[in-house]
Amino acid sequence: MKKIAALMLLLCLLLGGCAKSGPVETEIFAMDTYMRIRVWGDSGLVSDVCDEIYRLETLFSVTDEKGEIFALNRDGKAALSAETAELLAKAAALSERTGGAFDPTVYPLVRAWGFTADEQRVPAQDELSALLPSVGVEHLQLNGTEAVLTGGAQLDLGGIAKGYTAQKCLLYLENEGVQTAMVSLGGNVQTLGTKPDGSAWVIGIADPNEPSEAVATLTFTGSMALVTSGGYQRCFEKDGVRYHHILDPETGLPAGSGLASVTVITSDGTTADALSTALFVMGLEKGAEFWRGSDDFEAVFITQEGKIVATEGAAAMLGGCEFEVLAR
């Protein structure tokens, strides 16, 4: 939590301070992270956005008994709201697109590691091997707003829900006539429009070794989603070995891809969230090839050795560091 709070302070400073004469803003704790909402315009809309975040948090929670994902995991089938059905369809499509590097059915593995209960442990290999057959998006069947899980599968939308929520919040604000806003939901940052004074958005990329400090910045104008996934965000140490929460769906182990973090930049928060997880699992080489075969996102990779590698589009926004550029 201290790391998250430090990141929120870092973001606040990079965006030019938190002056009372600027946007209306608030900070809340939801989806297991600190969130900041900034709106230039109707102050009442900030409260509306917070209410929407809390509502979606309940729908997508794996631990809240009032939630739809909780009920689906418990019963193996459920009638869903339009939002949950939409998110599951997007999650399934992004899982297929990434060859399973992003997978919403990893909850049995996440639970085995104790990340949802805050009681982290290192499961035995035979325990993980027994769970792996239940992991795979093929176990999720969708028919409109009806969902069925097969083969003992259970869902965890932690790798996509915040991105979807940020996207929904900014779409609501835009429909209400807001021209400028920014939401920061943990490692998910999304902007709407250009700041009234015409200045650029400046978003810091956290240093994986010192998360309260920025190792680089991304500067841009207009609407954009930036999502960072990193092994430093949720981790624990056992017998001198550090284990992080981004699991490889193929092995059930924390992804050992050689990356410390990945930041994805695109126009859609849902896509950015899922792809940041997928690229972290893939690693630099496979992630670079995936980017070359895509046309809807840019990325900044930071290796465990501290090397920063940016795709061509991201390189045009990147500053404050030395980096290599990936060409198509």
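Filter region 315-328 down to the residues that are at pLDDT 95 or above, over 16 Å from T228 (Cβ atoms) and in contact with a helix residue (DSSP H, G or I) (Cβ under 8 Å, 6 or more places away or on another chain) and list them by number.
V325, L326 - these are the residues of region 315-328 that are at pLDDT 95 or above, over 16 Å from T228 (Cβ atoms) and in contact with a helix residue (DSSP H, G or I) (Cβ under 8 Å, 6 or more places away or on another chain).
Being out of contact with any strand residue (DSSP E or B) (no Cβ under 8 Å at 6 or more places or on another chain) and either among the basic types (K, R) or within 15 Å of A225 (Cα to Cα) (or both) is the filter here, so list the residues in region 133-181 that pass it.
Scanning region 133-181 gives I160, A161, Y164, K168, L171.
List pairs: first in region 292-317 and in a strand (DSSP E or B), second among the charged types (D, E, K, R), Cβ under 6 Å, 6+ apart or cross-chain?
Pairs found: V309/E324; T311/E298.
Does Y232 qualify as being in contact with a Cys (Cβ under 7 Å, 6 or more places away or on another chain) and surrounded by 15 or more Cβ atoms within 10 Å (Cβ to Cβ)?
It is false that Y232 is in contact with a Cys (Cβ under 7 Å, 6 or more places away or on another chain) and surrounded by 15 or more Cβ atoms within 10 Å (Cβ to Cβ).
Go through the residues of region 73-80 one by one and say whether even a single one is at pLDDT below 95, out of contact with any Lys or Arg (no Cβ under 7 Å at 6 or more places or on another chain) and crowded, with 19+ Cβ neighbours inside 10 Å. Can you show your working first?
Initial filter on region 73-80 (at pLDDT below 95): none.
No, region 73-80 contains no residue that is at pLDDT below 95, out of contact with any Lys or Arg (no Cβ under 7 Å at 6 or more places or on another chain) and crowded, with 19+ Cβ neighbours inside 10 Å.
Working only within region 135-166, note down all residues that are of a type in the set (S, T, N, Q), surrounded by 23 or more Cβ atoms within 10 Å (Cβ to Cβ) and not in a strand (DSSP E or B). It would help to see each step written out before you state the result.
Let us first name the residues in region 135-166 that are of a type in the set (S, T, N, Q), namely 141, 143, 145, 150, 154, 165.
Subset that is surrounded by 23 or more Cβ atoms within 10 Å (Cβ to Cβ): 154, 165.
T165 - this is the single residue of region 135-166 that is of a type in the set (S, T, N, Q), surrounded by 23 or more Cβ atoms within 10 Å (Cβ to Cβ) and not in a strand (DSSP E or B).
Going through region 124-157 one residue at a time, which ones are farther than 15 Å from A78 by Cβ and touching a residue at least 60 places away in the same chain (Cβ under 8 Å)?
If the condition is that a residue be farther than 15 Å from A78 by Cβ and touching a residue at least 60 places away in the same chain (Cβ under 8 Å), then L128, S129, L131, L132, V135, G136, D156 are the ones that fit.
So which of E289, E250, E285, E237 ends up being part of a loop (DSSP other than H, G, I, E, B) and either surrounded by fewer than 19 Cβ atoms within 10 Å (Cβ to Cβ) or in contact with a strand residue (DSSP E or B) (Cβ under 6 Å, 6 or more places away or on another chain) (or both)? Don't jump to the end; show me each part of the working.
Working: E289 fails: part of a loop (DSSP other than H, G, I, E, B); E285 fails: part of a loop (DSSP other than H, G, I, E, B); E237 fails: part of a loop (DSSP other than H, G, I, E, B).
Only one candidate qualifies: E250.
Kindly indicate whether A124 is of a type in the set (G, A, S) and over 19 Å from Q167 (Cα atoms).
Values: of a type in the set (G, A, S): yes; over 19 Å from Q167 (Cα atoms): yes.
Yes, satisfied.
Out of region 73-106, which residues are farther than 13 Å from G144 by Cα, assigned to a helix (DSSP H, G or I) and either within 16 Å of the chain's Cα centre (by Cα) or among the small types (G, A, S) (or both)?
Within region 73-106, A91, A92, A93, L94, S95 meet the criteria.
Need pairs with beta-carbon distance below 6 Å; first residue farther than 20 Å from V137 by Cα and within region 61-84, second modelled with pLDDT of 95 or more and surrounded by 13 or more Cβ atoms within 10 Å (Cβ to Cβ); sequence gap 6+ or separate chains.
Filtered contacts from region 61-84: D64/T58; D64/F70; K66/T58; G67/T58; G67/L59; G67/S61.
Which of the residues belonging to region 112-129 are of a type outside the set (G, A, S), modelled with pLDDT under 95 and under 21 Å from the mean Cα position of the chain (by Cα)?
F115, T116, D118, Q120
Starting from residues that are of a type in the set (D, E, K, R) and under 20 Å from F60 (Cα atoms), keep the ones in region 96-118 and report whichever is surrounded by the fewest Cβ atoms within 10 Å (Cβ to Cβ).
We begin by selecting, within region 96-118, every residue of a type in the set (D, E, K, R); these are 96-97, 103, 111, 118.
Narrowing the set further to residues that are under 20 Å from F60 (Cα atoms) leaves 103, 111, 118.
Values: D103: 31, R111: 17, D118: 9.
Result: D118.
Which ones in region 214-229 are touching a residue at least 60 places away in the same chain (Cβ under 8 Å) and either surrounded by 18 or more Cβ atoms within 10 Å (Cβ to Cβ) or farther than 23 Å from W291 by Cβ (or both)? Lay out the reasoning, then the answer.
First pass over region 214-229, keeping only residues touching a residue at least 60 places away in the same chain (Cβ under 8 Å): 214-220, 225, 227, 229.
The answer is A214, V215, A216, L218, A225, V227, S229.
Conditions first: (1) over 27 Å from G319 (Cα atoms); (2) touching a helix residue (DSSP H, G or I) at 6+ places or on another chain (Cβ under 9 Å); (3) of a type in the set (A, V, I, L, M, F, W, C). V189 passes all but one, so which condition is the exception?
Looking at each condition in turn, V189 falls short on (1).
What number of residues within region 296-328 satisfy the criterion of being hydrophobic (A, V, I, L, M, F, W, C), surrounded by fewer than 15 Cβ atoms within 10 Å (Cβ to Cβ) and either within 20 Å of the chain's Cα centre (by Cα) or closer than 15 Å to F220 by Cα (or both)?
Matching residues across region 296-328 total 1.
Residue-by-condition table, conditions (1) hydrophobic (A, V, I, L, M, F, W, C); (2) touching a helix residue (DSSP H, G or I) at 6+ places or on another chain (Cβ under 8 Å); (3) over 23 Å from T251 (Cβ atoms); (4) modelled with pLDDT under 95:
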{"site": "S267", "(1), (2), (3), (4)": "no, no, yes, no"}
{"site": "T270", "(1), (2), (3), (4)": "no, yes, yes, no"}
{"site": "L279", "(1), (2), (3), (4)": "yes, yes, no, no"}
{"site": "M282", "(1), (2), (3), (4)": "yes, yes, no, no"}
{"site": "R292", "(1), (2), (3), (4)": "no, no, yes, no"}
{"site": "E298", "(1), (2), (3), (4)": "no, yes, yes, no"}
{"site": "F301", "(1), (2), (3), (4)": "yes, yes, no, no"}
{"site": "Q304", "(1), (2), (3), (4)": "no, no, no, no"}
{"site": "G313", "(1), (2), (3), (4)": "no, no, yes, no"}
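The values are calculated or read from the model by the stated rules, or taken from the named source; none is laboratory data. Since this is a predicted model, take the numbers as computed values, not measurements. All Cβ positions, even for glycine, are placed from backbone atoms using ideal geometry, and neighbour counts span all protein chains on display.
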